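Beneath this line is the structure, given in structure tokens, with notes to follow.
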Amino acid sequence: MARKKAEQLNKKAEQLAPHTEDGADQFLTTNQGLRINDNQNSLKAGERGPSLLEDFILREKITHFDHERIPERIVHARGAGAYGYFQVYESLSDYTRAGFLTDPARRTPVFVRFSTVAGSRGSTDLARDVRGFAVKFYTEEGNYDLVGNNVPVFFIQDAMKFPDFVHAVKPEPHNEIPQAASAHDTFWDFISLAPESMHMIMWVMSDRAIPRSYRMMEGFGVHTFRLINAAGKGCFVKFHWKPLLGVHSVTWEEAQLISGKDPDFHRRDLWNAIESGNYPEYELGIQIVQEEDEHNFPFDLLDPTKIIPEEVVPVKRIGKMVLNRNPDNFFAETEQVAFHPGHLVPGIDFTNDPLLQGRLFSYLDTQLSRLGSPNFHEIPVNRAISPVHNNQRDGHMRQTINRGGTSYEPNTLGAGCPFQAGTADRGFSSYAEKIDAHKVRGRSSGFFDHFSQAALFYYSQSEAEKRHLINALCFELGKVTITDIRLRMLGLLSQVNKDLAAAVAEALGLAVPAQPEHPVNRIIPADGAPEQFQPHTVEQPVEKSEALSMANTIKDTVRSRQVAFLVADGVLSMEITEMKEALLRAGAQVELIAPHLGTVKASTGSGFEADESLLGAASVLFDAVYIPGGTDSTNTLQQHPEALRFVSEAYRHCKAIAVSGDGAAVLKAAGVPAAEAPGILLSGPPKAFITAIAQHRFWERER
Ligand code: HDE
């Protein structure tokens with residue numbers, strides 16, 4: 001029902017329909033449409049004889065199977081996607097002439113793909129990593145792709161370094177270890193020689209790199225882009241996605257456990273949320289900087305290792321994206337979707353960010369090897385909903401049947417068609433930026449403050465977030481086997497924050513080098529660089545930014561949160577029903593976990609069906625735990641090692657736990673110091689539990 005409604009609203013869904021196949025109530029056929037009468041046996045010379053080469057049905061089937069795989073993405077291989085729509089709140093015509101940003105009546109279909117970066121297609125969702133946040137807007141003026149991440153900065157400043165960076169973070173080349181992890185020598189060797197990565201390192205060592213859900217993370221365009229209005233006036237823009245459920249993460253221990261219990265955790269979460277009508281929602285935000293203000297910042301707007309603090313330029317929320325439909329086929333849609341920062345529409349343009357400039361080459365190029373043909377734009381998920389007419393022809397797997405005798409322009413034989421579009425006809429024209437420069441290999445001197453914003457990020461974190469960040473660095477650098485790399489990292493960290501460096505040094509059993517060896521001479525050209533190109537720090541306009549800490553995020557809803565009820569035979573029915581109804585009303589989801597599957601006998605009534613057994617379930621897959629009373633039930637749970645583990649883990653991971661009556665005995669048996677610990681509710685109305693779940697975590701319990 002929900003799907004039908006979403007489809008009706010969406011031009012993209014209409015376009016996909018004729019390409020969508022459904023075998024229900026249909027005969028099995030070959031790819032040529034021939035009905036098959038035996039799909040169990042190959043054609044043989046006698047029942048015990050050799051198979052015959054003439055079996056074209058067998059050969060077609062096996063040939064197709066042999067070629068089922070395509071190369072996975074070189075980065076961002078692991079991902080999950082969804083369809084939805086975007087709608088702007090009010091016209092942004094002061095800034096841009098892009099139709100989807102100026103017409104509040106328009107619902108623009110979108111396809112979004114979330115991803116991790118380093119791991120292979122089959123790797124865990126819960127790796128410590130950046131998350132990709134790529135949005136394809138199927139606008140009426142062509143496809144616009146906003147190919148961003150859940151972190152607003154990047155490791156490097158220039159595309160020239162990208163292959164080196166990716167080689168360093170991917171599994172090491174000699175033994176292909178480790179999978180989907182940055183905790184290894186080559187990654188930290190590279191980072192320790194690239195001080196420009198320090199701001200990004202703060203983000204990826206923070207809990208942002210282990211999100212609770214794709215639905216609970218921010219997105220960023222990273223680079224500064226440009227908006228251009230109908231009068232041709234340009235301004236700079238940074239794009240933000242703000243999730244309406246707030247920004248939340250799991251703990252590192254949880255992430256590691258989830259990787260074993262459910263490596264598809266984020267993918268499943270996205271899928272289930274959409275299937276259950278809990279549509280993920282994000283607001284699009286923009287930070288606008290007028291051209292005349294370009295140089296009024298202590299950093300360069302073209303430097304992708306810098307943010308514009310929200311306290312300096314506020315984020316204006318301009319519209320909402322809702323994801324309301326799961327793809328029908330993972331390969332056809334999520335795997336074959338092809339994003340490209342160069343998919344632009346009139347009213348939006350690039351800047352000279354040297355990382356962005358390199359990306360403009362890479363994404364088209366990579367689709368050619370990944371999808372195998374310049375006709376990848378004809379794959380249904382990639383097709384624009386606006387008409388496509390040009391003189392590009394032929395190539396592997398061409399689907400369009402172009403009519404007419406001309407495939408060149410200008411022509412008279414085809415009456416000059418297809419013809420160019422002027423600005424009034426929504427033709428794209430590049431922003432006429434004035435460029436008068438020497439051809440150089442180099443970076444602007446404004447790019448060399450590598451530490452101030454790293455320090456700003458660290459300083460803006462809550463105590464718990466700082467602790468997690470330190471622990472992450474201790475974990476990662478602890479996996480490094482070369483002391484020199486650790487020392488170089490301590491040197492760099494000490495330039496971000498002395499306490500941070502000291503805490504990491506202590507865990508590594510090392511001292512912070514007094515005079516950190518500056519790795520800069522490894523990153524400048526062989527001919528050396530003058531003083532202003534040495535790393536230095538520049539005072540920032542703010543000391544602290546509230547927006548950088550997840551502690552300040554929205555904590556007012558339990559919508560789609562997963563709550564485990566631990567129950568056994570003899571549980572008090574009333575205590576289940578009352579709590580369950582209250583939670584469901586608030587939008588949470590409830591699962592009954594019992595020592596056995598099937599019916600759990602209750603104190604009264606016919607009992608309850610268990611959703612999962614304690615053997616199959618795991619606390620890390622839930623946001624909160626409730627233990628209803630009932631002497632027999634709580635006695636059983638107290639004797640059950642998995643029940644005790646469930647409870648003690650939920651406690652250690654700082655989740656809300658509520659008990660009723662003698663449910664408290666289970667806490668005690670699990671070693672949970674229940675008395676008045678934050679987030680532990682020994683009695684009280686369901687409302688108190690709901691408020692506690694909305695808090696996400698009670699980090700103060702960590703100490
Ligand atoms: Fe990408 N990136 N990237 N990247 N990137 C790819 O394109 C590349 C960068 C991002 O779900 C590839 O189709 C270069 C920044 C996302 O399909 C490839 C550079 C940001 C995705 C590529 C960068 C991103 C990709 C691999 C530095 C955040 C997944 C497969 C110059 C703003 C899109 C593909 C999806 C994917 C190249 C840096 C985001 C190889 C050369 C910065 C979300 O073309």
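Values quoted throughout were computed directly from the atomic coordinates according to the rules given, and no laboratory measurement underlies them. The shown structure was predicted, so the numbers you read here are calculated from the model rather than taken from an experiment. Glycine gets a Cβ as well: all are built from the backbone with ideal geometry, and neighbour counts include every protein chain shown.
A few points about this structure:
- Distribution of pairwise C-alpha distances over the stretch 2-66, 5 Å bins, in %: 3, 12, 16, 18, 12, 9, 10, 8, 4, 4, 3, 0
- Cα convex hull of the stretch 555-702, projected area averaged across orientations, nm²: 7.4
- Where both bridge residues fall in the stretch 555-702, DSSP classifies roughly 10% of the beta bridges as antiparallel.
- Projected onto their three principal axes, the Cα atoms of the chain cover extents of 90, 82, 58 Å, largest first.
- The distance separating the Cα centre of the stretch 154-180 from that of the stretch 15-33 comes to 42 Å.
- Highest-first arrangement of 46-53, 336-343, where packing means the average Cβ count within 10 Å: 336-343, 46-53
- In this simple spin-label approximation, residue 295 and residue 20 carry label points 7 Å from Cα along the Cα→Cβ vector, and these lie 5.5 nm apart.
- Integer Hz, Karplus 6.51/-1.76/1.60 couplings in order for the stretch 209-224, x for Gly and Pro: 7, 9, x, 5, 6, 4, 7, 10, 9, 7, x, 9, x, 6, 5, 7
- Residues in the stretch 249-258 carry Karplus couplings, in order, of 10, 9, 8, 5, 5, 4, 4, 5, 5, 4 Hz; the curve used is 6.51 cos²θ - 1.76 cosθ + 1.60 with θ = phi - 60°, and Gly or Pro positions show x.
- A simple charge model with +1 on the Cβ of Lys and Arg, -1 on the Cβ of Asp and Glu and nothing else charged puts the dipole of the chain at about 720 debye relative to its Cα centre.
- Of the GluC sites (Glu not before Pro) in the stretch 529-602, those whose Cβ has at most 15 other Cβ within 10 Å and which sit in DSSP loop: 539, 543
- Lys/Arg +1, Asp/Glu -1 at C-beta; the stretch 596-693 dipole; positive extreme among 685, 618, 603: 685
- Distance in nm between pseudo-label sites at residue 479 and residue 31 (7 Å out along the Cβ direction from Cα): 4.0
- Within the chain, antiparallel bridges make up roughly 75 percent of the DSSP beta bridges whose residues both belong there.
- Summing Cβ point charges (Lys, Arg +1; Asp, Glu -1) relative to the Cα centre of the stretch 555-702 gives a dipole of roughly 380 debye.
- A simple rule links phi to the HN-Hα coupling: the Karplus curve 6.51 cos²θ - 1.76 cosθ + 1.60 with θ = phi - 60°, which for the stretch 110-123 gives 9, 10, 10, 10, 9, 7, 8, 9, 7, x, 6, 4, x, 7 Hz, with x for Gly and Pro.
- Charge context of residue 460, other residues only, Cβ under 14 angstrom, K/R +1, D/E -1: -4
- Gap separating the Cα centres of the stretch 266-333 and the stretch 539-614, nearest whole Å: 29
- In the stretch 211-308, GluC sites (Glu not before Pro) in a DSSP loop with at most 15 other beta-carbon atoms within 10 Å: 294
- For residue 131, the residues whose amide H sits under 5 Å from its own are 150, 151, ignoring neighbours fewer than 5 places away on the same chain, with H placed 1.01 Å from N.
- Net charge in the neighbourhood of residue 511 (other residues with Cβ under 13 Å of its Cβ; Lys, Arg +1, Asp, Glu -1) is +1.
- Selection among 416, 438, 542 by position relative to the dipole of the chain gives 416 as farthest towards the positive end (Cβ unit charges, Cα centre).
- Anchor residue 11: lysines whose Cα lies under 21 Å away (excluding residues fewer than 8 positions away in-chain): 136, 320
- Set of lysines with alpha-carbon distance to residue 498 below 18 Å, sequence-local pairs under 8 removed: 466, 544
- Close amide H partners of residue 156, meaning residues 5 or more places away or on another chain with modelled amide H under 5 Å apart, do not exist here.
- Considering only alpha-carbon pairs that sit under 8 angstrom and 6 or more positions apart, the relative contact order computed for the stretch 134-239 is 28 percent.
- Gain on full stretching of the segment that runs from residue 562 to residue 330 - 0.36 nm per residue minus C-alpha separation: 81.0 nm
- Only the Cβ atoms of Lys and Arg (+1) and of Asp and Glu (-1) were treated as charged; on that basis the dipole of the stretch 2-66 about its Cα centre amounts to roughly 340 debye.
- Candidates 116, 511, 17 compared by Cα position along the dipole of the chain: farthest toward the positive end lies 17, with charges placed on Cβ.
- For residue 607, the residues whose amide H sits under 5 Å from its own are 602, ignoring neighbours fewer than 5 places away on the same chain, with H placed 1.01 Å from N.
- Relative pair counts by distance (%), Cα atoms of the stretch 73-199, 10 Å bins: 12, 34, 26, 18, 9, 1
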